[in-house]
Amino acid sequence: MNGIESFDLLVIGSGPAGQKAAVQAAKAGRRVAIIERQREVGGACVHSGTIPSKALREKALQLTRVRQIGNAFQLGLTADVPFAVLLDGVSEIVAAHDRYMAAQLERNGIRCFRGRASFKSPTVLDVLRIDGSHFDVRGERILIASGSRPRQPPDMTVDHENILDSDSILALAYLPRSLAVIGAGVIASEYASMFAALGCEVTQIDRAERPLGFLDPELSGRYLQSFTAAGGRFLAGRSVRAAGWDGVAQLDIALDDGTSLRADKMLIAQGRIANVEGLGLDAIGVKLSARGLIEVNDELCTTVRGIYAAGDVIGPPALASAAMEQGRRAACHALGLFAGAGQDSVPAGIYTIPEIATVGLDEAEARGKFGGALVGRSQFKEIARGQIAGAQDGMLKLVSDAGGRTLLGVQVVGDGATELVHVGQMALATDATIDRFVDNVFNFPTLAEAYRVAALDIVRQRPARSSLPAITDKGDRFILR
Amino acid sequence: MAVMKMALKSLNAEPAELRERLRDALAADQVDLPPLPQVAAEVVANGAADPRNAAAFSRLIQRDPALAANIMRIANAAAYRPRAPIVSLQQAVAWLGITEIRNIALAVCVRGQLFVAPGHEPEIHGLWRESVATASWARALARLKKRNVESAYLCGLLHRIGRAAAIATLSRIEVAGRHTVAARTFSALADEFEWDFGRRLAEKWQLPASVSDVINGWRNAGRATGSSAEVLQVHVGHMLAIEVLHPELSNLALLDEHGALADLDMYPDELQALRKEADQVLAAIAHLG
């Protein structure tokens, strides 16, 4: 096919996975191009997901802190606060991030085509430009990193006016008095806790018995405790049978147990689906799972040789951090580069209020894999910095082998959890022992001291003369959920 | 009806003189613009769909019999297909919802206050239909792109209030002077002063920043980078409004040339899908226009 521009790697999508893959390949001296359907690079992460929602969360946190210190002044939001005020500065943050990423791509000599890609063959993409014209482009290897979008329930219409999804909730004009959140996963719990902290009356509803059910129950319990303390309520084991506008001011929401409730707005956050429509995957034989996700092997290669996939299109954990690592590794595998280690210790950060972060194995996983485990706990309220910061609901858990020597995992809940977990991540990556935390000197006063307190808790529990050997071969223990 | 404070003694003025007088009056802040009716002000201040004060809003409407009657007439229009005749405001609210009632109330108020120009009824009526159509398209676009739906409608409805005010003012000049300004001159002056009057109204009515931005920038959306979503939605909405109201004048290719579709991330198939909502837009024009 003469006249078609060719690249060593073509990347569909410029979100965290696509961007990191492209940069990895470009830094290895390969010719790389990204095809992005939107005007800006960065994907949903930057424009409708991670960054805007975290900016809103920051406002909710600020309000929570002000309330903590200012009860005497009865501080709070007025009833008619424009929602845009709470997202003040987000567009500047997004624009700055956009500029940074665009500059990074340009600096690395990565070509960016704007358009919608579809496969003509395993090595040739048809690109539909925004003006309706087409062109072809060839890639020796192609990475699909087209992301995901909120799942729409089949029996309810998301009108983006009264019933919202996790994209349109950020376009609200006013803070509603009440909000029903359908779902118990990460996105549902993040928004539920944010709106509760902003003073909204939040009801979270799900079939599950507890929110964030995939987490260590102690962590999800802390979330529920804080959420309830902020005025939220969680309706477990229930689902929405019907929801409709009452014609006057609120939604009538009927649950499958016969009860009902009313709310100004409803957020549906029941997972996300992969953006695979229009890619023409059927025609070239890329196989999808029953859930519509692209199937990949350990090297992130799809069922078609030379075509790789990374990020939300391959499913959980659907975290930006994991997507970046998947993108990087996919590029390495695609181009025959050394991928290195590191995937075992990708942390998971959940931006609820309070924050939650995990890395490595939790208690149940460690017991399941190694037959036993010791758990060391440190409550933030017992740490000087926790007292100073008023971080009463925080906790750090270290999980070790049954002998109390080898670190297997870290879970943190509370202010700064997503930062604090990186100490544990580095310890895991360097095979640090529990004793290393005991011997280490941390800044005082800091929350990092919780590592030492939790390590001492494990030391206290060690068998007097342990006959259990320390785990030296951790193998594949850090499988991402 | 508000009248111009400016001196109108030389009413057989030439276009140039009339232009100068309008300009001087605007510069000296001597043009009387109508106040924003209380109901409309409430909608603008609290958001078109803010449900918090539904009951209070209903009471506000009830205090204005003419407005309540207008809402009843519209609620009974064929476009809404009520199951049975609507006989009370409460029933209208229950049937259409407070959001729609707010939109209707805003439309009725703004139209009654601003879209009145004796001697120029066809033009002002056409402008009104264009505003309703633009608002409806902007709302559909916002829904498609997951933007704020209520804000989009408000911006669309008010995007040409400057032209309406300019036409109304020129019309009053004609009436007061008992003479007629030549049609071409009249239209040229309305074009020329649309932006000035719009800006003044936005200030006087304390319209949200998004509406002011739309009044200022809807014509040039896409040509300049950094247009807000509302500005782009109204720009595209206006072009689609022209397509349904005046197909002979329509040129959607301009949307590509202006870059508005690209800025909104609208691919050709998405635009085609959106255009299928033309019947709903026409229905909105039928009952509000």
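The values are calculated or read from the model by the stated rules, or taken from the named source; none is laboratory data. Quick caveat, the model's predicted, so the values are computed rather than measured. Every residue, glycine as well, gets a Cβ built from its backbone with ideal geometry; the counts of neighbours run over all protein chains shown. Note: areas computed on protein heavy atoms with side chains; ligands, DNA, RNA excluded. Shrake-Rupley method; radii C 1.70, N 1.55, O 1.52, S 1.80 Å.
Could you list, in sequence order, all residues of the range A:124-142 that are open to solvent by less than 50 Å² (accessible area, probe 1.4 Å), assigned to a loop (DSSP other than H, G, I, E, B) and in contact with a Gly (Cβ under 8 Å, 6 or more places away or on another chain)?
A:I130
Quick check on my filter: what residues within the range B:9-56 are modelled with pLDDT under 70 and touching a Ser or Thr at 6+ places or on another chain (Cβ under 6 Å)?
B:A49
Being of a type outside the set (S, T, N, Q), over 22 Å from B:V93 (Cα atoms) and touching a residue at least 60 places away in the same chain (Cβ under 8 Å) is the filter here, so list the residues in the range A:230-273 that pass it.
Passing the criteria: A:A230, A:V240, A:L267, A:I268, A:A269, A:G271, A:R272, A:I273.
Filter the range A:153-170 down to residues that are away from every other protein chain (no Cβ under 12 Å) and not acidic (D, E) and give me whichever is nearest to A:G15 (Cα to Cα).
Step by step, filter the range A:153-170, then rank; the result is A:P153.
Just wondering, is there one or more residues in the range B:139-160 that are under 22 Å from B:A25 (Cα atoms) and outside the structural domain of B:A56 (by TED's automatic domain parsing)?
yes
Can you tell me which residues in the range A:196-216 are away from every other protein chain (no Cβ under 14 Å), without any contact (Cβ under 8 Å) to a residue 40 or more places away in the chain and surrounded by 20 or more Cβ atoms within 10 Å (Cβ to Cβ)?
Hits for the range A:196-216 are A:V202, A:Q204, A:D206, A:P211.
On the basis of being surrounded by fewer than 15 Cβ atoms within 10 Å (Cβ to Cβ) and closer than 30 Å to B:L33 by Cα, does B:Q272 make the cut?
So B:Q272 does not fit the description; no.
Condition (residue is in contact with a Cys (Cβ under 8 Å, 6 or more places away or on another chain), open to solvent by less than 40 Å² (accessible area, probe 1.4 Å) and hydrophobic (A, V, I, L, M, F, W, C)) applied to the range A:104-116: is it met by at least one residue?
The answer is yes, given that some residue of the range A:104-116 is in contact with a Cys (Cβ under 8 Å, 6 or more places away or on another chain), open to solvent by less than 40 Å² (accessible area, probe 1.4 Å) and hydrophobic (A, V, I, L, M, F, W, C).
Among (1) farther than 25 Å from A:Q326 by Cβ; (2) within 14 Å of another protein chain (Cβ to nearest Cβ); (3) crowded, with 23+ Cβ neighbours inside 10 Å; (4) out of contact with any Lys or Arg (no Cβ under 7 Å at 6 or more places or on another chain), where does A:A173 come up short?
The single condition A:A173 does not satisfy is (3).
Quick one: would you say A:G340 is open to solvent by less than 50 Å² (accessible area, probe 1.4 Å) and either in contact (Cβ under 8 Å) with a residue 40 or more places away in the chain or assigned to a strand (DSSP E or B) (or both)?
no
Suppose we filter B:A241, B:A229, B:A221, B:A209 for residues that are open to solvent by less than 60 Å² (accessible area, probe 1.4 Å), out of contact with any Pro (no Cβ under 9 Å at 6 or more places or on another chain) and either free of Cβ contacts under 8 Å to residues at least 40 places away in the same chain or within 13 Å of chain A (Cβ to nearest Cβ) (or both); which single one remains?
The unique qualifying residue is B:A229.
Output the residue which, of all residues in the range A:217-268 that are within 26 Å of A:A357 (Cβ to Cβ) and assigned to a loop (DSSP other than H, G, I, E, B), is nearest to the other protein chains (Cβ to nearest Cβ).
Among those residues, the one meeting the criterion is A:G231.
Looking for something of a type in the set (K, R) and in contact with a helix residue (DSSP H, G or I) (Cβ under 6 Å, 6 or more places away or on another chain) - is there at least one such residue anywhere in the range A:350-369?
no
Give me a count of the residues in the range A:28-45 that are on the phi < 0 side of the Ramachandran plot and either small (G, A, S) or away from every other protein chain (no Cβ under 14 Å) (or both).
Count: 8.
Please tell me if B:A286 is in a helix (DSSP H, G or I), away from every other protein chain (no Cβ under 14 Å), open to solvent by 50 Å² or more (accessible area, probe 1.4 Å) and among the small types (G, A, S).
yes
Taking only the range A:277-318 into account, find how many residues are assigned to a loop (DSSP other than H, G, I, E, B), open to solvent by 20 Å² or more (accessible area, probe 1.4 Å), in contact (Cβ under 8 Å) with a residue 60 or more places away in the chain and under 30 Å from A:S189 (Cβ atoms).
Summing the residues that are assigned to a loop (DSSP other than H, G, I, E, B), open to solvent by 20 Å² or more (accessible area, probe 1.4 Å), in contact (Cβ under 8 Å) with a residue 60 or more places away in the chain and under 30 Å from A:S189 (Cβ atoms) in the range A:277-318 gives 3.
Name the residue that is nearest to A:E382 (Cα to Cα), counting only residues in the range A:437-451 that are without any contact (Cβ under 8 Å) to a residue 24 or more places away in the chain and not in a loop (DSSP other than H, G, I, E, B).
Restricting to residues being without any contact (Cβ under 8 Å) to a residue 24 or more places away in the chain and not in a loop (DSSP other than H, G, I, E, B), the top hit is A:V438.
Regarding the range B:227-243, can at least one residue be identified that is within 23 Å of the chain's Cα centre (by Cα) and in a loop (DSSP other than H, G, I, E, B)?
Checked the range B:227-243: at least one residue is within 23 Å of the chain's Cα centre (by Cα) and in a loop (DSSP other than H, G, I, E, B).
Quick check: anything in the range A:275-288 within 14 Å of another protein chain (Cβ to nearest Cβ), among the charged types (D, E, K, R) and over 30 Å from A:L175 (Cβ atoms)?
There is at least one residue in the range A:275-288 that is within 14 Å of another protein chain (Cβ to nearest Cβ), among the charged types (D, E, K, R) and over 30 Å from A:L175 (Cβ atoms).
Being open to solvent by 10 Å² or more (accessible area, probe 1.4 Å) and modelled with pLDDT of 85 or more narrows it down to one of B:E194, B:E150, so name that one.
It is B:E194.
Could you check the range B:252-268 and list, in sequence order, the residues that are at the interface with chain A (Cβ under 8 Å from one of its Cβ atoms), assigned to a helix (DSSP H, G or I) and not charged (D, E, K, R)?
Listed by number, the residues that qualify are B:L261, B:A262, B:P268.
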